[in-house]
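The values are calculated or read from the model by the stated rules, or taken from the named source; none is laboratory data. Nothing here was measured: the structure is a model prediction, and the numbers come from that model. Here the Cβ is made from the backbone with ideal geometry for all residues, glycine too, and neighbour counts use every protein chain on show. Surface areas here come from the heavy atoms of the whole protein model, side chains and all, with no ligands, DNA or RNA. Shrake-Rupley method; radii C 1.70, N 1.55, O 1.52, S 1.80 Å.
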Amino acid sequence: MNIEVAIIGGGPAGMTAGVFTCRAGLNTILFESLAVGGQMALSHEIKNFPSINSISGFDLANDMREHAEALGLKIIYSKVSILEREKNKFKITANGETYIANKVIIATGCKARKLGIEKEKELTGRGVSYCASCDGAFFKGKDVAVVGGGDTAMVDVEYLTRIARHIYLINRSEKYKAHKVRVDAVKKLKNVEIINSAQVVKLHGEEKLDGITIQKDGINKRLDVDGLFVAIGRVPDLSFINFDLKLDENGYIVVKKDMSTSVKNLYACGDIISKHFRQVITACADGAIAGNSCVGVK
């Protein structure tokens, strides 16, 4: 199948790009491996999106999807396994099907960063989680821990206070990457215990998690928890790209102001690109620029 624009990734950046290409009349297909919205869809509450006082990430993602589809965006729920260059175009392989696109926009976002310790893989989904809003309800009235010092960790803690009995916030530093207003809010919560300058070094349990060991000042201590929510950042995944592409030192795609990459007719937007501020609103802005660039309007 030949298409004018292929968008890989259905988060806010990808869907916004689709709005702009479809409004310009370009035949556009968006590939999404799971469900539209990306990381945004996992957010329990979004309160910094202009014109909307408060909305769940799931609802905002659904609104974006409906808008884009109403304009003609076709969404294929399939993971792109290979993206290749074919002469001056791109060859996309997804679910055994092949698509040829004149232009491609990469908007795949990032995946959760792992702790990298023993039993993490085996206990994922059995007490270890990377999404509090997805799995928090399983730990009603129980003790849990959240690892991280950024905004995501603070949001997770606030969300879990409504569900869990006691929450340990484990931060590897004395400082926080999160905005001060979020940290201050967490410090006021009564059922939260903050442990700074500590890290999780061991997971306990066979069929399910029943505790963790943290290390602080060289001393190990076990915490009996039923759930561990890992919120230590996200990492880019570009393993499906089968050609050279300029990346920064952390593996994010380097783009110009028009979201073009080092490869002709290949654009990137959202959390997958090299930048300092990653929010829903900035992802939408990136997507608008990328979509507009595909249209060719300056």
Number of positions in the range 1-25 that are of a type outside the set (S, T, N, Q), open to solvent by 40 Å² or more (accessible area, probe 1.4 Å) and not in a helix (DSSP H, G or I): 4
Test: residue in the range 107-114 that is part of a helix (DSSP H, G or I), touching a strand residue (DSSP E or B) at 6+ places or on another chain (Cβ under 6 Å) and surrounded by 16 or more Cβ atoms within 10 Å (Cβ to Cβ): no
Yes/no for Lys89 being at pLDDT 95 or above, touching a helix residue (DSSP H, G or I) at 6+ places or on another chain (Cβ under 7 Å) and either loosely packed, with under 15 Cβ neighbours inside 10 Å or of a type in the set (Lys, Arg) (or both): no
Number of positions in the range 119-153 that are over 19 Å from the mean Cα position of the chain (by Cα), assigned to a loop (DSSP other than H, G, I, E, B) and under 23 Å from Ala185 (Cβ atoms): 3
Subset of the range 262-298 (residues that are without any contact (Cβ under 8 Å) to a residue 24 or more places away in the chain and assigned to a loop (DSSP other than H, G, I, E, B)): Ser262, Lys275, His276, Phe277, Arg278, Gly296, Lys298
The one condition in (1) of a type in the set (A, V, I, L, M, F, W, C); (2) surrounded by fewer than 17 Cβ atoms within 10 Å (Cβ to Cβ); (3) closer than 30 Å to Ile241 by Cβ that Val128 fails to fulfil: (2)
Matching residues in the range 28-52 - criterion: being part of a loop (DSSP other than H, G, I, E, B) and open to solvent by less than 30 Å² (accessible area, probe 1.4 Å): Glu32, Val36, Gly37
Residue among Arg172, Arg162 that is in a loop (DSSP other than H, G, I, E, B), open to solvent by 50 Å² or more (accessible area, probe 1.4 Å) and either under 19 Å from Ile212 (Cβ atoms) or among the acidic types (Asp, Glu) (or both): Arg172
Residue selected from the range 206-258 under the condition buried (at least 17 other Cβ atoms within 10 Å of the Cβ) and aromatic (Phe, Trp, Tyr), by the criterion nearest to Ser274 (Cα to Cα): Tyr252
Ile195 farther than 23 Å from Gln39 by Cβ, open to solvent by less than 60 Å² (accessible area, probe 1.4 Å) and modelled with pLDDT of 95 or more: yes
The lone exception for Gly37 - which of (1) in contact with a helix residue (DSSP H, G or I) (Cβ under 6 Å, 6 or more places away or on another chain); (2) touching a residue at least 40 places away in the same chain (Cβ under 8 Å) it fails: (2)
Unique residue being in contact with a strand residue (DSSP E or B) (Cβ under 7 Å, 6 or more places away or on another chain), over 26 Å from Arg126 (Cβ atoms), modelled with pLDDT of 95 or more and not hydroxyl-bearing (Ser, Thr, Tyr) when the list is Val186, Val146: Val186
Residue match in the range 265-284 (condition: of a type in the set (Asp, Glu) and open to solvent by less than 50 Å² (accessible area, probe 1.4 Å)): yes
Residue ID - farthest from the chain's Cα centre (by Cα), chosen from residues in the range 225-241 that are under 27 Å from Ser78 (Cα atoms) and in a strand (DSSP E or B): Ile241
